[in-house]
Amino acid sequence: MLIRLKLNGQLREVDTAPMRRLLDVLREELELTGTKEGCGEGECGTCTVLLDGEVVNACMVVIGQCDGRDVVTVEGLGSEAHLLPIQKTFVTEGGAQCGICTPGMLISAEALLRRNASPTDEQIREALAGNLCRCTGYERIVASVRAAALARSSGGAS
Amino acid sequence: MQADKPDSHVVGTSVGRSDGVAKVVGTARYVDDLPKRPGELHGVTVRAPVARGTLRAVKFDPSFDWSDITVVQAADVPTNVVAVIAYDQPVLASTAINHAYEPIVLLACADRAKLARAKLAVHLDIDPLEPVLDIQTSLSDQNVVWSAPDGFGDKGTNVMKRYLITKGEADVDAEHARCARVVSGTYSTHQQEQLYIEPQGVVAWWDDDGAHVIGSIQCPYYVHKAFLKTFGLDAERIDISQAVTGGGFGGKEEYPSIIALHAALLAKKSGRPVRMIYDRAEDIEATTKRHPCECEVTTGCDADGTLRVLKMRVLMDAGAYVTLTPVVLSRGVLHAAGTYRWPTVQIEAIAVATNTPPNGAFRGFGAPQTIWAIERHMDAVAAYLGVDPMDLKRQNLLVEGDTTATGQVLRMSVSSTACLEGGLSAARYAERKRELDLENQARAQRGERKRLGIGASIFMHGAGFTGSGERMLKGKAALDLLPGGGLRIRTASTDIGQGTETVFRQIASDASGVPMEHIDFAVPSTKVCPDSGPTVASRTVMVVGSIVERCAREIGDAVKAEQARGGGSFAQAGDRLLTKGPVTVLRQYEPPDFVKWDDTTYKGDAYPCFAWMCDVAELEVDLDTFEVEVKRFHIAGDVGKAINPKMCLGQLEGGTLQAIGWALSEELVWRDGLIKNPRITNYIVPTALDAPPFETALVEAPFEFGPGGGAKGIGELPMDGGRRRSPPPSSTPPGSPCTTCRSPPSAFTPRAWAGRSANDNLPEGSQPRVDSTQAQRSAA
């Protein structure tokens, strides 16, 4: 089945079986390995991407569902030269440690900041509750999101 | 590149992690992100479906097309042992099956879907045998399921390892008889899965140079050692490298040797590269976990609470093979006396074999089990005496000049009091205790069913290898001068998320004067890096970091001397030196002279120093649903010197949440030696909503032999605490000299809280109940 999707702002076509997982098509055919697999059953959030702006687990979405839709992965946030505030603060505030949950965590956090420019700590924790981190204890992640919200509101955006 | 700044002062500042940008843009390559090598195959493992048995035959379904499947069995393994400490574990089982999930057959194929079908077409013909699945059954020796390799364990029994620590009076029972108050308790702790978010994985291939492995690996030289033994290769024909690693926590310390051997066996037989990545279920089922432990404790004290005597028996379940059990048991026993002054001590420790997958390294390495026991026991003693537990702990706290259970005099960097008082005052412990009591009374009057509690723990963790371990290990590190005045650090110490490469750069920068951005960190690889010793035991910064510091200072001094002689910039001087040949400094760790340890008597300086920590938790418990919410959490942790304060916070808080998860929600459900919940769906680790807000204070009591002005090892420290449940989930009625306390979340019952019953369990298979929102997200 020929699937046409907008991936990180660019139109892409991929010819593949419609029941393959979005996660596998992203990592294999489309060579975007930033999206990781941690459990394969929608629990860890490591494969979080945006589908038409909604946060989803790419291991629970089949590629056939993505035809004509808009997908954003970690590679679609900021590049090395133009990091988004949320990417910068995950480095400066210690939100990233081993980094395996970071791509999914960033997607969930960025989605939160796009709908809520100044979230409370409780709102941050709720927005990230589908993304497991085993390293940080989450305090540095919450601090990173808080700092990114501040940077965005003070115009320190990308 | 140029590096003309004469001095650098980055130690003590929270510079961002040097591998951070690659991690936030998605370009960091973990093992499964590495591009496919030409001709690459996928590998899978066929495992034993029973806990114990005799393998009669392996049958391959003749109707299946095996033409493009590579098959490896025990007969294909050159020397069929996994070299760790003892050589009792086969790479692949041949006849005896000693635990469920034991590997028996390896398969590889280019087509992953066909490989999955091939796995189902292998039939194992097994005669089951009666397994031993718990410590007490194993200890009875009625069913001996383990045969001791030479030099290990007690022949003809299930006992793998014993230790005995004694101090003071020889007759501890007589000493107890002389005490005004004697309290006994048993404290058992359950297994814990590391649950790093990236599962285990490697890619292996062979070429004219020998064997190559790249993977998610904590200790490349462990894998190297395993390859030397199994394949009989020369050392230089083995190339083991680390890919970016998505967490380890001990789980990728010794286990990667097995998956790497398996992938390399398939690669050798097929002549193709082989990629082996576990899925989550296989990772939880087959890889190592924290040792279950039972501690029997009897203590005596004066009527005023002054501790006199500690008698303790520590029992650990090793699982089916030795792996690292002797060392885990050692660290457990060396921390068993807690942070208290005991004039008389007798601690006996025994590890036994069972037919469960081998237990292994997990952050804390035996100490969290025994420290939990002694901390709960101190709570029981305080309840018996009718005093606040923290008053009792303060009264008996080890301070500088005191002597530990092994006879070690605490000479330096002893911050027990600073941590205890810092933690308690930041949390307003005494005040909050009164406030919560009043609030609980009011809630009871209103008929509400939630109660509040506050509790604290004080603990310490020894950094580096035990006793003479570092002297025997001879860890090495090297630094190279690069053109343009830069440096390259070469160590086998891996960054598995904790920040090694950033912190080493900070240390090297200050020691050499070269700015951090001109300091390279070589990918840990046995071809490129000297053996620094493993990335374990809270030793990376304190031990290997101090070698890096020494090498960097020597190179920096050499370049500055050349600069003084011949002028020009630091970079120009460095380049002049390089025209004469490579400039490299390779140094070996020199432990402080004062460390004296006797392995036969288990007396002396167990560790050069300890890191200390106090944590204080406020909880809310629902008396009907038994949901526990951690409302607030205060930490006061001594890191010696914080090379990177924010990374220190990340270590202390992250380790603490792992400890909280172990206490409140993480529990493996076993039946007949098999794991019934090998999934993140029902092995429940804390989410951001389950985690409390942490308020963490770093205490700095510098260790004069540590790098950067006195850093100590802190990686494992937080795992030793964090598991306070207050009021304790035990039977301890006030004034009782006897207590029983079990750690599994499912043992945490309303009745236990009501103080009516000792250790009632929920029905078998019942799930831990912590509120978890991780299942709430729906797809698309």
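Relative contact order for chain B using alpha-carbon pairs under 8 Å, separation at least 6, rounded to a whole percent? Relative contact order of chain B: 16 percent. In this structure B:Thr245 has an accessible area near 0 Å², from a 1.4 Å probe over the protein heavy atoms.
In percent, rounded to a whole number, the relative contact order of the stretch A:2-76 is 41, using alpha-carbon pairs under 8 Å and six or more apart.
Taking every DSSP bridge with both residues inside chain B, close to 75 percent are antiparallel.
For the stretch B:543-586 versus the stretch B:134-213, the spacing of their alpha-carbon centroids is 47 Å.
Within a straight-line Cα-Cα reach of under 26 Å, B:Lys580 can be paired with the following lysines, leaving aside sequence neighbours fewer than 8 residues apart in one chain: B:Lys5, B:Lys476, B:Lys527, B:Lys560. Entry comment: accessible area of the stretch A:85-156 is 29 Å² per residue, from protein heavy atoms only and a probe of 1.4 Å. The string of couplings for the stretch B:660-674 from the Karplus curve (6.51, -1.76, 1.60, θ = phi - 60°) is 5, x, 4, 6, 10, 9, 8, 7, 7, 9, 10, 9, 6, x, 10 Hz, one whole number per residue in order, with x for Gly and Pro. Its residues counted as N, the stretch B:56-209 yields a C-alpha radius of gyration over 2.2 N^0.38 Å of 1.56.
With chain A treated as a Gaussian network of Cα nodes joined by springs under 10 Å, which of A:Ala81, A:Ala96, A:Ala148 yields the largest mean-square fluctuation? Among A:Ala81, A:Ala96, A:Ala148, the largest mean-square fluctuation in the Gaussian network model of chain A belongs to A:Ala81. Rounded to whole numbers, the Karplus 3J(HN,Hα) couplings from phi for the stretch B:53-68 are x, 10, 7, 8, 7, 10, 10, 10, 3, x, 7, 8, 7, 8, 4, 10 Hz, using 6.51 cos²θ - 1.76 cosθ + 1.60 with θ = phi - 60°, and x at Gly and Pro. As a fraction of the 1.4 Å probe accessible area of chain B, surface on carbon and sulfur atoms comes out at 51 percent.
For B:Arg490, the accessible area of its heavy atoms, probed at 1.4 Å with every protein chain present, is near 40 square angstrom. With the convex hull drawn around the C-alpha atoms of the stretch A:2-76, the volume per residue stands at 72 Å³.
Each semi-axis of the equivalent ellipsoid for the stretch B:88-131 is √(5λ) with λ an eigenvalue of the Cα gyration tensor; in descending order they amount to 24, 13, 8 Å. Heavy atoms of the protein chains alone define the surface here; on that basis chain B has 34 Å² accessible area per residue at 1.4 Å probe size.
Using alpha-carbon positions, what is the distance between the centroids of the stretch B:404-468 and the stretch B:595-627, in Å? Rounded to whole Å, the Cα centres lie 12 Å apart. Between A:Arg27, A:Arg115, A:Arg125, the Gaussian network model of chain A with springs among Cα atoms under 10 angstrom shows the greatest mean-square fluctuation at A:Arg115. The string of couplings for the stretch A:96-103 from the Karplus curve (6.51, -1.76, 1.60, θ = phi - 60°) is 9, 10, 5, x, 6, 8, 4, x Hz, one whole number per residue in order, with x for Gly and Pro. Normalising the Debye intensity of the protein assembly as shown to I(0), with uniform scatterers on Cα atoms only, and taking log10 at q = 0.06, 0.07 Å⁻¹ returns -0.41, -0.56. Sorted on the mean count of surrounding Cβ atoms within 10 Å across their residues, most packed first, peptides B:373-383, B:435-445 read B:373-383, B:435-445.
Amide H contacts of B:Arg539 (H built 1.01 Å from N, in plane; Pro and chain starts excluded): B:Gly464 sit under 5 Å, all sequence-distant by 5 or more or on other chains. Close amide-amide hydrogen proximity is noted between B:Thr696 and B:Ile635, each under 5 Å apart and 5 or more residues distant or on a separate chain (H modeled in the peptide plane; Pro and chain starts excluded).
Restricted to Cα atoms, the stretch A:85-156 shows a radius of gyration and a Dmax of 10.7, 32 angstrom.
Residues whose amide H falls under 5 Å from that of B:Trp597, counting only those 5 or more places apart or on a different chain, are B:Asp605, with hydrogens built in the peptide plane. Let me make sure I get this right: for chain B, a, b and c are the square roots of the gyration tensor eigenvalues over alpha carbons, sorted descending. Under 1.5 in a/c it's rounded, otherwise prolate if a/b > b/c, else oblate. Which is it? Judged from the Cα gyration tensor, chain B comes out oblate (a/c at least 1.5, b/c at or above a/b). For B:Lys167, the lysines whose Cα comes closer than 18 Å to its Cα, not counting residues fewer than 8 places off in the same chain, are B:Lys311, B:Lys596, B:Lys603. With 30 Å² as the minimum drop in accessible area between chain alone and full protein complex (1.4 Å probe), the qualifying residues in the stretch A:88-105 are A:Val91, A:Thr92, A:Ala96, A:Gln97, A:Cys98, A:Ile100.
Relative to the dominant Cα principal axis of chain A, helix A:139-153 is inclined by about 90°. Pairs exceeding a 27 Å alpha-carbon distance, out of B:Lys229/B:Lys252; B:Lys36/B:Lys252; B:Lys289/B:Lys676; B:Lys225/B:Lys676: B:Lys225/B:Lys676.
Chain B and chain A together bury an accessible surface of about 4500 square angstrom, both sides counted, with a 1.4 Å probe and no ligands or nucleic acids included. Relative to one another, the C-alpha centroids of the stretch B:230-307 and the stretch A:99-158 are positioned 32 Å apart.
Local charge for A:Ala143 was computed over the other residues whose Cβ lies under 10 Å away, with Lys and Arg +1 and Asp and Glu -1, and equals 0.
Among beta bridges from DSSP that stay inside the protein assembly as shown, the antiparallel ones total about 75%.
The values are calculated or read from the model by the stated rules, or taken from the named source; none is laboratory data. Bear in mind that the values here come from a model prediction, so they are computed numbers and not experimental data. Don't worry about glycine lacking a Cβ; one is built from the backbone with ideal geometry, like all the others, and counts go over all protein chains shown. To get the accessible areas, we keep the full protein, side chains included, count just its heavy atoms, and leave off ligands, DNA and RNA. Shrake-Rupley method; radii C 1.70, N 1.55, O 1.52, S 1.80 Å.
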